[in-house]
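One structure is given here, and the rest of the page talks about it.
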Amino acid sequence: MTTLPPVLHRSARAITPHEFLDALQATCAPRFPQARSRSHRPIALAVSGGVDSMALAYLCSKIRRTDDWFKVADHPVSRPVGIIVNHGLREGSAAEADNVVAALKSLGVRAHIQRIRWDTVLPEGANPSDLPNVETWARYLRYRQIGVFCKTGRMATVLTAHHEDDQYETVLMRLLSGHGYRGLQGMRPATDIPECYDLHGVYQSGFIDDQRLDNPFYNIVPGDRERKLLKKGLRDEVDPAVIAREIEAGLKADVATAYLDEYDGIAKGSKRAPRPIPLEVEDGGIMVYRPLLRFGKDRLIATCLENNVPWFEDHTNTDRTLTMRNAVRYMHKNHKLPAALQKPSILRLAERCRARVASAEAEAERLLNNSVLIHEFGLNAGTVVVTLPRFSLPTVPRRSSASPAARQRRITHYRHIAALVLRRLLSMVTPERELSQPAQLAHLVSMLFPSLSSPTQPPPDPKPYVICSVHFIPLPVNPTTSPPRWLLTRAPHVSNVPRPTTAFHELPFSRRASKPPSAWKTAGWSGARAFDGRYWIRVLHRLPCKLRVAPFEPEHLKPFREALGGEAERKELAAVLRRYAPGKTRFSLPGIYATVDVAGLVKRGEWWPTEHRQGAAAAQSAADGGVETNHREEAINEPQAVDQTRPERPSGLRLRRWEWERDIKSREELHLLALPTLGIGLPGLDDWLRWEVRYRKVDYELLRLSKLGGRRVVRRELRRRVRCLYRLMRLGRTLRHRRDGG
């Protein structure tokens, strides 16, 4: 424990609770502004025991005393909860964690110790300290421990103690590594929790399940008093005659789905395809906030000293040979760097980079809202149909702007904006977490926006193109009358790359060993599993084998179509695939597979072999009291009767069934049961298997634009016709005036 104060700068002063609340409010913006959250909720603190995290714990302990109804993100704060992660990489770490818990308790902060289990990622007997990338593994396991703890404790907010000096070191390290201006922005004040991408309810998910609870974390439903006020306001403002006219107009023409008739070129006969049940889109998860980025470390030290807050030093942070951050910290403290590499200059550089990125993103957002038409976002297959605008360079009445250099600068700027728009569209379909950088989209920009191509190099012809695991496919339109349309789908899986897959456990043998299949009961809904970075899938089943979710493969199409039974079901499957998953898109859909053949179980309810079923029937008859006798008049005692009528010991039957199952499961072979996103499964499968599929989180603004879809097309066409009519009227008046004047 540190007892002697270090040398402080004279201007360093302690952070007041009101300053901290202002920084917290600027950092933790509401995620769901429509939520009506009045319940106080706890927030999690990532505490290491250092001076920065102990200062954060002290300031958080003062939140409710300063403002009882202060909101962090969407909820008022009830109490902070400290999370201490013991990595177990050095001696005395357990005792130090206990000391940190005691120090937090003296501040009125509850604390919990989470110990990292290295045996989950390392072989038995391996020393994690010998790993060359031990820092990366420690970060991965640490965030996953924090995420699971927060999910269990129903906490959606994690505060970390990254401060201004950490930001300086981060930007300097990225500058030395050769990052561009997008990487030189530094750490974000708010971000989704990292390293937890496959944990449902932790990373960008859990909102739908939360809304099904009796006491949801986010209360979206208005209360009785609010509903009465809304109803009264609507009753006073709405004219019944206007409502009647709108209903009649809506029945005459459904503009929201009128554009679907234009897709005959994609899927012939798609009008006969039944529409699958639309998938829900996930949201929620745990957010990580860094409210101390505007404060230097000297102010955090002053805060601890002024309020008698103890802290604990980790000697590994001073070992300049351990990590690059330690080396940069040592260089900054012990050497005089050039003015351009000192803290004020680097922080100003990061601020300028953030402003530049924000300006470009805002311009791309305006272009997306005003000019890009998202006709359809097919959640069931993960497809997007989009019309991209034609760029027209502005004509500026200045001689300098007409020079080749000025024109090239404008083209370069617009190409960057177009690349940002494509990144937003890629985020709707791609299974990858990291999107391609704008510079990597140069060829795609030239193909999709021919007017922005280089004057010395003609634009490439529109043709299918794959980038970031997204397949861009041009759709057939009349180029003279309509702008080009593109279909964005998940790219086909590469043969030399392992297929994405996830597995669900079978119904335990103990729950079905002595029962006929009709009496098997499920073990409840499974947890949601991530598949291919796009879907969350959970199942409820009572099948005796493992289930696997894997891509729909071509070799399974024919057996699956034949197993559907009637000709009508086969035609329906073909129509749905043509309409919603044309071409190779269908082979990126998830399929639910059984690892053994369960066709007889699904169709007839038979699983055990014939000899096993006969033994089980006799055992069941004996258990029910159906004992056959020869009606002899002499009485026999009860034990003798039981010995004469017992067909087989149940343990022997269970053993034979277990050996039989082990034998057939050793020859694992995948059998397609269902295409869950399209809602198509084998006949009779509903009695044995149910599923629920949700699409991963998508940007709200893109969802809004995709829902407008065809209505935006109709409104834009109406405005164009009005403008043309107005121009014709003006032209007619001008011609008449000239004729009369002549």
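The values are calculated or read from the model by the stated rules, or taken from the named source; none is laboratory data. Quick caveat: nothing in here was measured; it's all calculated off a predicted structure. In this analysis, Cβ positions are derived from the backbone assuming ideal geometry, glycine residues included, and neighbour counts consider all displayed protein chains.
Listed values, structure above:
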read-out	value
Matching strands (runs of 3 or more DSSP E) fully within segment 68-171 where at least 3 residues are aliphatic (A, V, I, L, M)	75-86
Residue in segment 545-567 that is at pLDDT below 90, in a helix (DSSP H, G or I) and either of a type outside the set (Val, Ile, Thr) or buried (at least 16 other Cβ atoms within 10 Å of the Cβ) (or both) present	yes
Contacts under 9 angstrom Cβ, first residue in segment 541-553 being of a type in the set (Phe, Trp, Tyr), partner not in a loop (DSSP other than H, G, I, E, B), 6 or more apart	Phe552/Phe560; Phe552/Arg586; Phe552/Phe587; Phe552/Ser588; Phe552/Pro590; Phe552/Gly591; Phe552/Leu672; Phe552/Leu675
Leading residue by the ranking (farthest from the chain's Cα centre (by Cα)) among those in segment 403-426 that are part of a helix (DSSP H, G or I) and loosely packed, with under 15 Cβ neighbours inside 10 Å	Pro404
Residue within segment 371-380 that is in a helix (DSSP H, G or I), at pLDDT below 95, surrounded by fewer than 17 Cβ atoms within 10 Å (Cβ to Cβ) and out of contact with any strand residue (DSSP E or B) (no Cβ under 6 Å at 6 or more places or on another chain) present	no
Selection count, segment 53-81, where residues are under 31 Å from the mean Cα position of the chain (by Cα), surrounded by 24 or more Cβ atoms within 10 Å (Cβ to Cβ) and over 13 Å from Val158 (Cα atoms)	0
Residue in segment 662-677 that is surrounded by 10 or more Cβ atoms within 10 Å (Cβ to Cβ), among the β-branched types (Val, Ile, Thr), in a loop (DSSP other than H, G, I, E, B) and modelled with pLDDT of 75 or more present	no
For Ser177: the one exception among (1) surrounded by 16 or more Cβ atoms within 10 Å (Cβ to Cβ); (2) at pLDDT below 95	(1)
Qualifying residue in segment 330-340 (condition: surrounded by 16 or more Cβ atoms within 10 Å (Cβ to Cβ) and either in contact with a Gly (Cβ under 9 Å, 6 or more places away or on another chain) or within 30 Å of Ala94 (Cβ to Cβ) (or both))	no
Condition check for Arg36: more than 22 Å from His162 (Cβ to Cβ) and of a type outside the set (Ser, Thr, Tyr)	yes
Single unsatisfied condition, Gly284 versus (1) part of a loop (DSSP other than H, G, I, E, B); (2) over 26 Å from the mean Cα position of the chain (by Cα); (3) crowded, with 20+ Cβ neighbours inside 10 Å	(2)
